[in-house]
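Notes follow the structure.
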Amino acid sequence: MAGGAGQVTIGVDLGTTAVKAVAADPEGRVLARRRVAHALGDEPPGRLEVDAEQAWRQGPRRALAGVLEALDRRGGAEVLAVGLTGMAPSLTAVDGRGVPELPGVLYLDRRALGEGGG
């Protein structure tokens, strides 16, 4: 893309309850933003997980698409880079195509405390 918004860098943050994306110009001005919320499973106590497909695959895609659409409405932009950040250690099992097969277990999940002899 090139045009109205000039050059931008896009940042995408996979957070605990939402994916956020912003596009900023070289001076740091935010030109577009998008937030895509996802549910947090925290019952029973000690459990902390997300739907990994929604939170970690679809959420970033939707957030990035929303930012790109907003830039298009401004006349387009030249995207220089896209950076991605994620929350502290979290995990899920995926198939051979990278599609999650289980919920994403988040860093504050406490179900395995005391296991492993430590």
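Observations, loosely collected:
- Tally, over the stretch 1-29, of residues that are open to solvent by less than 70 Å² (accessible area, probe 1.4 Å), without any contact (Cβ under 8 Å) to a residue 60 or more places away in the chain and within 25 Å of ALA88 (Cα to Cα): 7
- Every listed requirement among (1) closer than 30 Å to GLY6 by Cβ; (2) exposed (fewer than 11 other Cβ atoms within 10 Å of the Cβ) is met by ARG97 save one, (1).
- Residue satisfying condition, being under 24 Å from ALA93 (Cβ atoms), surrounded by 15 or more Cβ atoms within 10 Å (Cβ to Cβ) and either touching a helix residue (DSSP H, G or I) at 6+ places or on another chain (Cβ under 6 Å) or among the basic types (Lys, Arg) (or both), within set VAL50, VAL36: VAL36
- Hey, ARG62 surrounded by fewer than 19 Cβ atoms within 10 Å (Cβ to Cβ), at pLDDT below 95 and within 25 Å of ALA23 (Cβ to Cβ) or not: no
- Failed criterion for ALA88 (all others in (1) open to solvent by 60 Å² or more (accessible area, probe 1.4 Å); (2) in a loop (DSSP other than H, G, I, E, B); (3) among the hydrophobic types (A, V, I, L, M, F, W, C) hold): (1)
The values are calculated or read from the model by the stated rules, or taken from the named source; none is laboratory data. Since this is a predicted model, take the numbers as computed values, not measurements. Cβ atoms come from the backbone with ideal geometry, glycine included; neighbour counts cover every protein chain shown. Calculation scope for accessible area: heavy atoms of the full protein, side chains included, ligands and nucleic acids excluded. Shrake-Rupley method; radii C 1.70, N 1.55, O 1.52, S 1.80 Å.
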